[in-house]
Each structure stands twice: as C-alpha cells, then as structure tokens.
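**Student:** One structure coming up, written as structure tokens, with questions to follow.
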Amino acid sequence: MTQSNDRAVDVVVIGAGVIGLAIAWRASERGLRTLVLDRGQAGGGASRVAAGMLAPIAEVAPGEEPLLELGLLSARAYPEFVRELSRASGRDDVGYLDCGTMLIARDRDEAEALDRELELRRGFGLPVHRLRASEARSLEPALAPAIRLALAVPDDHVVDPRKLTLALADALTHAAGELRERAEVAAVELDGDRVSGVVLSDGERIRTARVVLAAGAWCGAIEGIPATSRVPVRPVKGQILRLHDPAGPGLVTRVLRVRDGYMVPRGDGRYVIGGTMEERGFDTTVTAGALFELLREASELVPGVSELVLDELSAGLRPGTPDNLPAIGRGEPDGLYWATGHRRGGVLLAPITATLVVGLLTGGAPPELVRPFDPARFTGSSVRSAA
C-alpha cells in the first residue's frame, strides 16, 4: 500500500556515494533543504572500493581535452575542499595525501610507450618529469631493480574514499541536510513535464521539485523517467586489493602506476592495489584470477609486496556511459539533474561536480566547461540506439 507523506524538501539527491554526498553538502550549505536517499549504506557502493587517485595528469588520453580540463580544475580545488570539509565535519583526517604519482616502465616496450606518454603530457603543458631508473629508485627504494624508466607527476595526489565519505556525511548533517540509508527510490514522480517528487520502494512519497540522480550504475533502475530522457549508464566492474605492512608506513610513499595497475599508499602502512576493468554487468563477485593478476603486477613493481598482510579483496561497479564521459547537468523533465557516469573519476571529480550541479540547482546557467558532459547528448534517438 502506498504511504502518504506530506513532507516536502527542496532537493532529493539519489545516491550517497562521494558524488551524491558532495552535492548534498554543498546544496545544504547554500540553504537548500536537502535529503539524500541511498538504497544501501552511505559510501557503500563504488566509493567504498575506489582507490581514490586524484590523477588527471597520469590518466589523460588523446582526445580527452574536456575531461582533462575538468579533472585539473577539480584536483586543484581538492586542498581547499578538504580543508573546508574537515572544518564542516569536525574530522581532522579526511584521507587526503599530498604524495605525487610515479608512472613506471618495467621493460623496453613500456619505456617506449612511456616516452610517448611524456610527449603527450608535454603537449598539454602539464608538469611531468622524466626520471632515469636510478633516479626513480632513489625516490622509491622499494622499486624492483629491473625497472627501465619513470615519469614523476608531482601534482597528482590521492584521497581515501572511505574517510572522505564519512566526513561528507557528517558535514551534510552539520549543515542541516538529511541522509537516509536503506531507502531505495523506486521512481521519480512527474506532474506534467516537471518533477514533483520521488516514490520509495516501500511506497513512501516525498515531494520535491528537484531530483539529482547520483546513483551511479543503478540510475537505470529508477522508474518514472521518460525513455527518451534517460542517460544510458552501464556498470564497469573493478576488483581491488587492500593490504597492510605490520612494520608501518614507508614501503612506498607515492602512487605507483604501470600500464595495467597501480599501488596506492594511504600514508599509515596500508596500501591499495588495483587496475581491473571488466564489462560483466552487475556481477560483484571477487575472483582468484583477479587476485593473482593484481599481486603479480604489484610484486613485479615492488617485490616487498609479498611481505604485506592481505586485508580485503573486493569488487565494485563504476558507472560508465557510451562515450565514457560523465553526465553532469540538467535533464528532462524540468527539475531533473544528472551527476553520474564518472567511471574511474568519481572521487577526483566530486568537488567540481558538486560546484556545477549546485550552481544549476540555485538557478545558475551552465558554464561552457560543462557542455561536453551535457546529459542532452544522450536524449532522443541517441538513447534509443544505445539501448
């Protein structure tokens, strides 16, 4: 039976990952009565299994200039973002580590590829430095003796998404926003051609004129949105390994990246190893094959990995779009806003996504920066052809 609920809020944010919580916190700071609804636990989806690399320079690819610009702006905003978040949440440690990144080649072919990567970044005017193998090992003594070449990327850093989501949830509540966990949204309700509320899976209704879809890979499960207005979002599976060093921190001090993987320090003796990207639908099983591949890649890079203690192997679902660019902005009908499809960049792009979406929620015009990420690129025939 449908429950009646006369309650109304200014904004409902669907999804309590890093993106949804950042938007909700900033919206609450602007005086909007904001309610975040999540089908599970806050930060329990893709954010929980993310490595948290803030790496627009390391991850840039040819043809991705708009995404690079967005990522650089967000990365530059992170220091002030985390300072404000620390004050707003009351948490001294929100997981940010100003450590830099090192891209590493292990053989001749990888060294040639890394030189091409260097030229690409120099063409964009990005701060990247070429290191001889000996120079790289002097900075990171635990590196394998056989490495051939490295690139130092001092401006790419890292944040612990688990600490970050806890701080965002606290900051939201301190700003008079509300977070409800295990509150699954079944449908967006419409009144003619505009949003009028949401209906939960238990039948409860909440009235609102603005809904932000930040539910990641699960955005497609929410009914009530016209088929021609949907952003096609698919799950991209990633498996990730967490370990710790009983001797404490120091084995690795920077993020280390190779062609097929990465090793991320947390600064306290904990490490994250990842790199898998799998098109397997909503499958979140963890596999022995992934464990083997992750450990092999990492141990070829840092032999001391074999002495670390295994804490966790987990899998998550990143939200991807057909063109692998996020969908950020107004949708249809009126009052619907999208903030999804960030794929591997959700943690990095949280500050800038929150700024852009809250600007729209408060009546601002979309800046030119966000045009390549307009959800309208997927409407009409483009949505039907992608379905």
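Throughout, read-outs are computed from the coordinates displayed, never taken from laboratory work. Remember, predicted model here, so these are calculated numbers, not experimental data. Here Cβ is always computed from backbone atoms with ideal geometry, including for glycine, and neighbour counts include all displayed protein chains.
**Student:** With charges set only on the Cβ (+1 for Lys and Arg, -1 for Asp and Glu), what does the dipole of the chain come to about its Cα centre, in debye to the nearest 20?
**Tutor:** In debye, rounded to 20, the chain gives about 200.
**Student:** Towards the positive end of the charge dipole of segment 226-370, with charges on Cβ (+1 Lys, Arg; -1 Asp, Glu), say which of Leu256, Ala227, Gly274 has the farthest Cα.
**Tutor:** Ala227
**Student:** Still on this structure, please answer the following. Excluding Arg137 itself, what net charge comes from residues whose Cβ is under 15 Å from its Cβ, given Lys and Arg +1 and Asp and Glu -1?
**Tutor:** So the surrounding residues net to +2.
**Student:** Another question about this same structure. Counting other beta carbons within 10 Å of each residue's own, what order do Cys99, Cys219 fall into, fewest first?
**Tutor:** Ascending number of Cβ neighbours within 10 Å: Cys99, Cys219.
**Student:** Let me ask something else. Given the C-alpha centroids of segment 90-130 and segment 304-328, what is the distance between them in whole angstrom?
**Tutor:** First find each Cα centre; the distance between them is then 19 Å.
**Student:** Let me ask something else. Among Glu297, Glu181, Glu307, rank each residue by its count of other Cβ atoms within 10 Å, from fewest to most, as a rough exposure measure.
**Tutor:** Glu307, Glu181, Glu297
**Student:** How much net charge surrounds Gly100 when only other residues with a Cβ under 9 Å from its Cβ are counted (Lys, Arg +1; Asp, Glu -1)?
**Tutor:** On the way: positive: Arg254; negative: Asp98, Asp155, Asp156.
Once positives and negatives cancel, what remains is -2.
**Student:** With +1 assigned to the C-beta of every Lys and Arg and -1 to the C-beta of every Asp and Glu, and no other charges, what is the dipole magnitude of segment 1-140 about the Cα centre in debye, to the nearest 20?
**Tutor:** 420 debye
**Student:** Arranged from highest to lowest average of other beta-carbon atoms within 10 Å per residue, in what order do the peptides 131-140, 168-177, 278-287 appear?
**Tutor:** For the peptides 131-140, 168-177, 278-287, the packing ranking is 168-177, 131-140, 278-287.
**Student:** Let me check I've understood the local charge: for Pro322, count other residues with C-beta under 10 angstrom from its C-beta, Lys and Arg +1, Asp and Glu -1. What total comes out? Could the numbers behind the result be given before it?
**Tutor:** Working: positive: Arg234, Arg377; negative: Asp323.
Result for the neighbourhood of Pro322: +1.
**Student:** How many angstrom lie between the Cα centre of segment 195-242 and the Cα centre of segment 143-189?
**Tutor:** 20 Å
**Student:** For segment 139-232, what relative contact order do you get, as a whole percent, if you take Cα pairs closer than 8 Å and at least 6 residues apart? Each step should come with its number before you reach the end.
**Tutor:** Numbers: 72 pairs, mean separation 16.0, N = 94.
Once normalised by length, the contact order is 17 percent.
**Student:** Tilt of helix 288-301 relative to the longest C-alpha principal axis of the chain, in degrees (0 to 90, nearest 10)?
**Tutor:** Relative to the chain, helix 288-301 is tipped by roughly 50 degrees.
**Student:** Using mean Cβ contacts within 10 Å as the protection proxy, how do 108-121, 233-246 order, highest first?
**Tutor:** Per-residue mean Cβ counts within 10 Å order the peptides as 233-246, 108-121.
**Student:** Restricting to DSSP loop positions (anything but H, G, I, E, B) with no more than 13 other Cβ atoms inside 10 Å of their own Cβ, which trypsin sites (Lys or Arg not before Pro) remain in segment 21-62?
**Tutor:** none
**Student:** Rank these for me by crowding, Ser306, Ser47, Ser229, going from fewest to most other beta carbons within 10 Å.
**Tutor:** With the sparsest Cβ surroundings first, the list reads Ser306, Ser229, Ser47.
**Student:** Quote the charge dipole size of segment 65-180 about the Cα centre in Debye, to the nearest 20; the model charges only the Cβ of Lys and Arg (+1) and of Asp and Glu (-1).
**Tutor:** 160 debye
**Student:** While we're looking at this one, here's another question. If you take the charge dipole of the chain about its Cα centre, with +1 on Lys and Arg Cβ and -1 on Asp and Glu Cβ, which of Gly359, Thr285, Trp218 is farthest toward its positive end?
**Tutor:** The listed residue farthest towards the positive side: Gly359.
**Student:** Also, quick follow-up: If you line up the long axis of helix 65-89 against the longest principal axis of the chain, both from Cα atoms, how many degrees apart are they, to the nearest 10?
**Tutor:** So the helix axis and the longest Cα principal axis differ by about 80 degrees.
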